[in-house]
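The values are calculated or read from the model by the stated rules, or taken from the named source; none is laboratory data. If you're wondering where the values come from, they're calculated on a predicted model, not measured in any experiment. Here the Cβ positions follow ideal geometry from the backbone for every residue, glycine too, while neighbour counts run over all protein chains shown.
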C-alpha cells in the first residue's frame, strides 16, 4: 500500500520567481484550509509528498507564494480532488521525511503475536495495541479563606497522552524502525476507523526494545517495541523526499551519473520516484 500521496504542482510563473510554495489541504474545494507543508519548485513545477493525508478521502490542495509581511501569501495554484487508497493497516510517518514511512499489519489471532510472531511468512512489522489514554486537566483549585469551596480556574482539557506497542520480525524491520524514530521529532499516525480515533501527530517518548524470546534464543530477530507519546500539532517544514525519491536512493540505484541519464527519464520522473521505483 502506498502511504504517501504525490501531489503534482504546476503554477503560472513566467518570471520563474517562485522557488517555494506553501501547501494547504482541505476536504472541499472551498476549504477550510489547513497548512500541511511546503514544496520547492523549478520553473514553476514541483511535487509535494503528502504522508498525512487521510486514506480513502477526496482532498484538495492550494499552493501559496510566501510574500513579506504584513501581506498575506498569494494563491498561485490548486490541485484536486485527489485521494489515496488505504487497506486497513496502521501507518506511522515522519511528515518531514516521507521515505521513512512504515506500515504495520496485523496478526491473524491475538495469541499469534508473542507465541509465534505471526506465521513464518507473516509481515515484518505488526501493530499490537494502543495503551491507555489520559486527557490531562488544565485546571487549578485555590482554597478561599472562610469559604467551603475553592476558586476553580480552568482552561481547555489537553489532548490525550498514551502509548503503543508494535512487533518487528526481521533485522531489516529493526533498522527501519530505528530510521523512523531516530530523528527524534513528531510523527504522524493513521489508523483504521474501528479504533474510533482520528489521525494525529504525536511526540514519542523513550523507545523501549524488548527481546520477546529472551528465554530461548536471542538470535531470533523478534522484538517488541513500546513507547509513550503525547499528541501535538503537525510539524511543518521542508521535506527530504520519499523512499523512491531521495538522493540516497538515487545514488544507491545509479552509481554514476551516466547510469542515471541512460534511463532516458526526465528530472520530473526522478523527483516523483518512478525512476527508482518503476
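Worth a mention:
- Any hit, region 157-173, residues being without any contact (Cβ under 8 Å) to a residue 24 or more places away in the chain, at negative phi and out of contact with any strand residue (DSSP E or B) (no Cβ under 8 Å at 6 or more places or on another chain): no
- Note on region 129-140: among residues that are under 28 Å from residue 105 (Cα atoms) and out of contact with any helix residue (DSSP H, G or I) (no Cβ under 8 Å at 6 or more places or on another chain), the one that is modelled with the lowest pLDDT is 129.
- Of the listed requirements (1) more than 19 Å from residue 131 (Cα to Cα); (2) in the same structural domain as residue 95 (by TED's automatic domain parsing); (3) free of Cβ contacts under 8 Å to residues at least 40 places away in the same chain, residue 209 misses just one: (1).
- The condition (being touching a strand residue (DSSP E or B) at 6+ places or on another chain (Cβ under 6 Å) and either at pLDDT below 90 or within 30 Å of residue 130 (Cα to Cα) (or both)) is satisfied by just one residue among 90, 21: 90.
- Selection status of residue 67, part of a loop (DSSP other than H, G, I, E, B) and in the same structural domain as residue 5 (by TED's automatic domain parsing): yes
- Where residue 101 falls short, out of the listed (1) on the phi < 0 side of the Ramachandran plot; (2) not assigned by TED's automatic domain parsing to the domain that holds residue 184: (2)
- Applying the condition of being loosely packed, with under 14 Cβ neighbours inside 10 Å and in contact (Cβ under 8 Å) with a residue 40 or more places away in the chain to region 79-110 and asking which residue is nearest to residue 192 (Cα to Cα) yields 88.
- Qualifying residue in region 63-78 (condition: under 21 Å from residue 270 (Cβ atoms), touching a strand residue (DSSP E or B) at 6+ places or on another chain (Cβ under 7 Å) and surrounded by fewer than 18 Cβ atoms within 10 Å (Cβ to Cβ)): no
- Neighbours by Cβ (under 8 Å, 6+ apart or cross-chain): first from region 238-254, without any contact (Cβ under 8 Å) to a residue 12 or more places away in the chain and not assigned by TED's automatic domain parsing to the domain that holds residue 102; second crowded, with 18+ Cβ neighbours inside 10 Å and assigned to a loop (DSSP other than H, G, I, E, B): 247/241
- Test result for residue 192, crowded, with 18+ Cβ neighbours inside 10 Å, out of contact with any helix residue (DSSP H, G or I) (no Cβ under 8 Å at 6 or more places or on another chain) and in contact (Cβ under 8 Å) with a residue 60 or more places away in the chain: no
- Only one of 221, 143, 150 that is surrounded by fewer than 17 Cβ atoms within 10 Å (Cβ to Cβ), more than 20 Å from residue 3 (Cβ to Cβ), assigned by TED's automatic domain parsing to the domain that holds residue 94 and touching a helix residue (DSSP H, G or I) at 6+ places or on another chain (Cβ under 8 Å): 221
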